[in-house]
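To keep things clear, I will list the structure first and then write my remarks on it.
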Amino acid sequence: MFFKLTKLTGFKASVEGAVRTVLRGLQGLLLIGLSLGLSVSVAQGSPERSGDLYVTAEAGSARDTASFNPAAHTAPATLGQDNAVSRDETQSQLSSATTTSSPSSSSSSLSACLDEYAKLQQAYFNARGQLTVVSSDGNSMEPFMLLRSMAGGNSYSFWEHLNGEIRGYALRNGKGFDFNQGQRAVDELNWHPTLIWDRLLDKDTSLKDYVCVFTGRARLAGHKVSLLRLAPQDGMRYGYLIAKDDESSLPVEIAILEPQGGIAGRLLVVDTKLQPDLEFPIDDATFDRFEQAPVRKPDNSATPWPELTLPRAFELIDAGFVQVGTERHDFQEFSDGLNSFRVYKAARTSVLYPALNNGTISILRKNAANSEYAVVGEVPLRLAELVLSKINAVR
């Protein structure tokens with residue numbers, strides 16, 4: 001199943017209708033997602049590819065007053081015996097990655113990891129070609145086509161979902177838009193389970209309060225790989241285990257790790273075709289027109305609400321409100337440079353399902369005396385609970 005969560009989030013859609021949807025077999029996230037007014041797109045059937053491209057600037061931007069940057073999520077795959085063996089090796093590496101024998105060995109491991117990570121980012125920046133990436137989270141497996149290109153100092157990514165209607169998103173230097181070819185539409189970039197791939201591999205990414213540990217080498221999906229673990233020092237955010245191909249320095253897999261040590265999701269490359277002459281399907285003029293489209297400007301004068309508790313790595317990057325009918329829903333958005341989440345505040349409603357998560361996306365709701373709060377984004381539930389920890393729950 002492929003879904004997107006828009007940042008136009010209201011609080012009062014039908015919970016009962018969402019429950020019925022879940023009972024028909026959809027993923028649990030839709031339950032609270034619909035109760036918060038999240039836009040959900042579910043596609044079935046087989047893809048029918050077209051050789052032409054996909055979006056037109058004239059299709060217009062469906063941006064709204066609550067649009068801003070997203071971030072993403074991620075997920076796992078169990079593909080073949082070779083993969084299964086490597087997963088055992090990977091788990092062994094994970095269990096030992098946080099221990100070092102001495103300060104000098106710790107410094108050496110950190111330096112080696114950062115060197116390998118820089119090679120990975122540079123190789124990905126220079127890559128031209130087509131990859132098939134499988135995203136999984138324990139409940140589903142979703143295939144994507146990823147086109148990579150580099151030109152004029154710019155990095156380009158094009159993600160297309162390979163099941164159902166032709167849809168996906170395109171990025172230039174980390175910014176871009178969603179598209180749906182069948183509807184001839186482009187829209188603001190939203191949270192996707194694959195966006196963390198591009199953010200981690202962006203050579204300009206600056207990690208905040210993460211420790212990089214080189215945990216060894218293994219064999220994964222037929223590749224000899226180096227394992228790099230990025231561990232958050234606060235113990236509240238997702239960690240990442242990156243498998244880097246030793247020959248090409250390109251990524252083979254990214255696993256997203258829960259604070260408790262489990263795996264929230266994986267992105268696994270099952271096919272790579274390097275094409276130096278690859279023609280990227282979207283030109284710069286399309287990116288330019290979309291970036292120049294009218295959009296609400298972020299409120300840079302706002303300060304975090306005092307009732308929130310924020311991990312030190314997160315900063316307020318936007319604030320505003322969503323108008324749902326006659327009701328106003330205020331929000332603040334926070335990011336650590338990799339992932340983001342929003343906190344919404346509105347009038348109290350009944351909170352039948354206070355917490356749910358799907359893959360790397362979490363939704364947590366809490367009623368206070370006069371307001372309801374909701375944390376929505378690509379963070380663990382543990383972090384969402386910390387954010388609302390100073391708010392006394394009221395039934």
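The values are calculated or read from the model by the stated rules, or taken from the named source; none is laboratory data. Being a predicted model, the structure only gives us computed values, none of them experimental. Backbone-built Cβ (ideal geometry, glycine too); neighbour counts: all protein chains shown. Ligands, DNA and RNA are stripped out before the accessible areas are found, and what is left, the full protein with its side chains, is counted by its heavy atoms. Shrake-Rupley method; radii C 1.70, N 1.55, O 1.52, S 1.80 Å.
Okay, here's what the table says:
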{"item": "Compactness of the range 149-258, expressed as Rg and Dmax over alpha-carbon positions, Å", "result": "16.1, 47"}
{"item": "Net charge over other residues, Cβ less than 11 angstrom from the Cβ of P311 (K, R count +1; D, E count -1)", "result": "0"}
{"item": "Neighbourhood charge, 13 Å Cβ-Cβ cut-off, centred on K208 and excluding it, Lys, Arg +1 and Asp, Glu -1", "result": "-1"}
{"item": "Filter on K175/K345; K175/K208; K345/K390; K175/K224; K208/K366 - keep pairs with C-alpha separation over 22 Å", "result": "K175/K345; K175/K224; K208/K366"}
{"item": "Amide H within-cut-off set for E165, under 5 Å, with H built and near neighbours excluded", "result": "Q44"}
{"item": "Added length on full extension, which subtracts the Cα-Cα distance from 0.36 nm per residue, K119 to A302", "result": "62.1 nm"}
{"item": "Mean shadow area of the range 123-200, taken as a quarter of the surface of its Cα convex hull (nm²)", "result": "5.6"}
{"item": "Lys, Arg +1 and Asp, Glu -1 on Cβ, resulting dipole of the range 311-357 about Cα centre, debye, nearest 20", "result": "200"}
{"item": "Label-point gap, in nm, between Q183 and E279 - each point 7 angstrom along Cα→Cβ", "result": "2.9"}
{"item": "Mean separation of Cα contacts under 8 Å (6+ apart) over length of the range 159-230, as relative contact order %", "result": "17"}
{"item": "Protein accessible area in the range 302-395, 1.4 Å probe - carbon and sulfur %", "result": "51"}
{"item": "Heavy-atom surface of the range 147-224, accessible at 1.4 Å and reported per residue (Å²)", "result": "35"}
{"item": "10 °C / 1.306 mPa s Stokes-Einstein diffusion coefficient of the range 217-321, Kirkwood radius on C-alpha pairs, µm²/s", "result": "87"}
{"item": "For the range 314-378, convex hull volume per residue from C-alpha positions, Å³", "result": "93"}
{"item": "Long-range HN-HN contacts of T194 with modeled amide H, under 5 Å", "result": "H73"}
{"item": "Alpha-carbon centroids, the range 199-260 and the range 110-176: separation in whole Å", "result": "14"}
{"item": "Rough spin-label spacing in nm, given labels placed 7 Å along Cα→Cβ, for A368 and S108", "result": "5.2"}
{"item": "Vicinal HN-Hα couplings computed from phi for the range 208-220 (Karplus, 6.51 cos²θ - 1.76 cosθ + 1.60; Hz; Gly/Pro x)", "result": "9, 6, 10, 9, 9, 10, 7, 9, x, 10, 8, 10, 9"}
{"item": "Accessible area expressed per residue, the range 246-395, with surrounding protein chains retained (probe 1.4 Å, Å²)", "result": "46"}
{"item": "Relative contact order of the range 134-178, pairs being alpha-carbon contacts under 8 Å that are 6 or more residues apart, as %", "result": "26"}
{"item": "The range 124-256, relative contact order [Cα under 8 Å, separation at least 6], %", "result": "13"}
{"item": "Packing rank of 328-334, 250-256, where each peptide gets the mean count of other beta carbons within 10 Å, highest leading", "result": "250-256, 328-334"}
